[in-house]
Structures are given as C-alpha cells and as structure tokens.
Amino acid sequence: MNLNELGLDRWLTNQARNLCQPGQRMARVTVVHRGWYTVRNEEGEVTARTTGRFLHSTESTCDMPCVGDWVCVRYQDTQNAATIHGMLPRKSFLRRKYAGKRIEIQMIAANIDVAFIVQSCHYDFNVSRLERYLVMANEGQVEPVLILSKTDLISADKLEQLIAEIREAGISTRIIAISNVTGSGLEQIEDAMGAGKTYCIVGSSGVGKSTLINRLIGHDALETKAVSDSGEGRHTTVRRQLLALDQGAMLIDTPGMREVGLLDASDGMDDNFDDIHELSRGCRFSNCSHTQEPQCAILQAIEDGTLQQVHYQNYLKLKTESESNKMAYAVKRKKRKS
C-alpha cells in the first residue's frame with residue numbers, strides 16, 4: 001500500500017513538511033499495546049517506541065500516539081524497528097474520559113472518517129448510551145453511523161420499534177440493521193465504505209464487533225467466542241488495531257467500552273442536541289434555565305409532547321457531567337504544571 005491508500009491526504013502531507021526532520025519518514029500507527037507501537041508505511045509494518053525526547057514533550061496521555069495517528073519515524077538500519085520522533089496534528093478523533101474515577105482523557109483512535117456505533121438489538125440496546133456515543137463522535141468531527149446488530153434474535157416488529165425509539169429521541173443519524181448470522185445488512189456496510197477512508201467500530205463488549213470485522217474481511221482475522229445462552233457475546237478484543245480491507249478501506253477495531261464518560265465535550269453536545277438548542281431560541285428570557293420560567297419553549301415542548309422528557313433529562317445529565325469533568329481536569333493539569 002502507498003501512503004495515500006493508508007489515508008494520507010494533502011493536508012497531512014503539508015503538516016509533515018514542517019514536522020518531520022531529515023532522515024525521518026511518515027508512517028501510520030496501526031497497533032498500540034502497553035507502550036509499544038506498530039507503524040506502517042509503503043513497505044510494511046514494524047515495531048516502534050517513542051523517543052525519550054518525544055515522551056517528555058507530552059503533557060498528558062492524550063498527547064501520545066494512538067491508533068490511526070500519523071507519526072514521524074526514523075527506521076533502524078535493519079528496517080525491522082523504528083523510533084517515533086513526532087506526531088502530526090489530528091484531523092479527527094474519538095476520545096472519552098477514562099473509565100472509573102480517573103479524570104483524564106483517553107484517546108481511542110485518530111484520523112477517522114466514520115464511526116460505526118454498534119448496539120445489539122437483544123440485550124445492549126440503550127438510547128441514552130447511544131447519545132453518549134454520538135456526542136463523542138460529533139466532538140471529534142467524526143461522522144457517526146448506527147449499527148443495530150443481532151437482528152436475528154428479534155422480530156421485524158421489534159426492530160421497527162427500536163428504530164422508532166431512536167427517531168423519537170431526535171436522532172437522525174443513518175441506521176443499518178445487521179445480523180452476523182444471516183449476513184443481512186452487511187452489504188449496506190460494505191457499500192458505505194470507500195477506498196482510502198478510515199472507519200472505526202465502537203460499542204460495548206459482546207455486541208458482535210469482531211465477528212462483523214471478520215465478515216467484512218472475509219476470514220477470521222480476529223478471535224471471537226461463542227455467545228451465551230442469552231445471546232450476549234463474550235469480550236475478545238484486548239487492543240486497538242487498524243486493519244486494511246481488500247477493497248481499500250481501513251477499519252479500526254476497539255475493545256468493548258463499559259463506560260463512555262464525557263470530558264469537555266461542549267461542541268459535541270451542541271451538535272448532538274441541536275433540537276434542544278433550536279427550541280431554546282424561542283424562550284422568553286435569554287438566560288432561561290428551562291426549569292420553571294414562564295414562556296419557556298423547552299418546557300412547553302415537553303408539555304406538548306414534541307420533546308421527550310427523557311431526551312431532555314439525558315441532555316442535562318451529559319452537559320453537567322462534561323462540564324464537571326472539564327473543571328476537575330483543568331485543576332489536575334494546573335497542579336501537574338506546578
């Protein structure tokens with residue numbers, strides 16, 4: 001593969017002219033695993049480590065390379081190993097707050113064109129969690145596509161009901177319903193993928209992400225495990241990696257996420273809840289809190305039934321969480337710098 005087939009474009013090339021020094025070459029990160037990296041260029045993949053100088057120039061873990069990043073590397077004489085000296089700016093990204101109480105940004109993948117957000121129709125379906133994924137994608141300038149998997153475990157009427165729940169929440173994102181068992185819907189995903197573009201699959205553990213990737217690749221490149229009696233899959237992916245498909249697209253596989261915490265995702269909130277922002281323009285007061293003020297357009301919409309209460313409550317919850325984590329993160333970074 002040449003670098004353009006790996007996703008390199010003119011903007012990234014111009015960035016590399018200013019960042020990569022003589023003797024360094026551009027490569028794309030395809031695997032990150034416990035401090036080690038695999039990078040790929042026209043000649044293939046090699047193992048790489050960051051230099052001490054690069055490591056000490058970073059302020060947080062989100063400044064370290066992640067899968068999909070473009071980096072400036074220097075290859076060793078044997079050409080079977082390399083060192084990472086610099087990293088190009090990211091055109092787009094997926095990130096979240098680390099799971100648990102840790103207030104830190106965790107990078108998931110970078111330079112992505114489309115995020116396939118997978119939810120199982122059987123046990124994993126949750127509109128509120130889906131909205132978290134959409135905020136994450138919108139925040140990183142990544143186009144989202146919703147994949148409803150395991151449709152073979154429910155009836156056609158139930159599938160229509162689930163899709164209606166998504167639309168009633170004000171979500172207009174494209175939806176593709178699939179079954180890894182029957183193959184239904186897989187051709188729609190294949191048709192949506194273009195050569196030289198990068199796609200990332202995200203979702204909870206056991207929703208069928210690895211099986212879907214194996215179906216798209218055409219062979220069992222990733223380990224999968226049999227589902228339980230309830231239809232729930234079992235976690236298999238343990239690291240993020242970028243895979244090249246025969247038709248020219250690139251696909252990033254990610255471990256299942258038990259939490260999708262938000263940190264400083266105000267832009268993503270605005271994009272994902274644009275219906276609420278549009279309604280707020282009709283409020284009588286410019287500083288309306290949308291809780292008890294007279295002539296509040298949002299409260300009126302909830303009363304009329306044109307805006308779902310649960311949709312608005314989820315907006316408030318995510319907004320509060322994002323702003324609270326942002327403040328805590330700013331305090332932590334200030335202490336670190338001191």
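The values are calculated or read from the model by the stated rules, or taken from the named source; none is laboratory data. On a predicted model such as this, the values are computed, not experimentally measured, just so you know. FYI the Cβ positions are ideal-geometry reconstructions off the backbone, even for glycines, and counts take in every protein chain you see.
Annotations
- Residue in the stretch 168-187 that is in contact (Cβ under 8 Å) with a residue 40 or more places away in the chain and more than 22 Å from the chain's Cα centre (by Cα) present: yes
- The stretch 16-60: number of residues that are within 22 Å of residue 241 (Cβ to Cβ), among the charged types (D, E, K, R) and part of a helix (DSSP H, G or I): 0
- Wholly within the stretch 63-163, strands (runs of 3 or more DSSP E) carrying at least 1 residues that are buried (at least 22 other Cβ atoms within 10 Å of the Cβ) and of a type in the set (Gly, Ala, Ser): 81-87, 105-110, 114-120, 143-149
- Taken together, the residues in the stretch 178-212 that are surrounded by fewer than 23 Cβ atoms within 10 Å (Cβ to Cβ), assigned to a helix (DSSP H, G or I) and at pLDDT 90 or above amount to 7.
- So residue 13, is it among the hydroxyl-bearing types (Ser, Thr, Tyr), modelled with pLDDT of 90 or more and assigned to a strand (DSSP E or B): no
- Among residues that are farther than 21 Å from residue 113 by Cα and modelled with pLDDT of 90 or more, residue 73 is included.
- Filtering the stretch 89-129 to residues that are within 30 Å of residue 156 (Cβ to Cβ) and among the polar types (S, T, N, Q) leaves 119, 120, 126, 128.
- Options 48, 27; residue that is more than 12 Å from residue 86 (Cα to Cα) and surrounded by 13 or more Cβ atoms within 10 Å (Cβ to Cβ): 48
- Some residue of the stretch 290-309 being within 29 Å of residue 7 (Cα to Cα), of a type in the set (A, V, I, L, M) and either surrounded by 15 or more Cβ atoms within 10 Å (Cβ to Cβ) or in contact with a Lys or Arg (Cβ under 7 Å, 6 or more places away or on another chain) (or both): no
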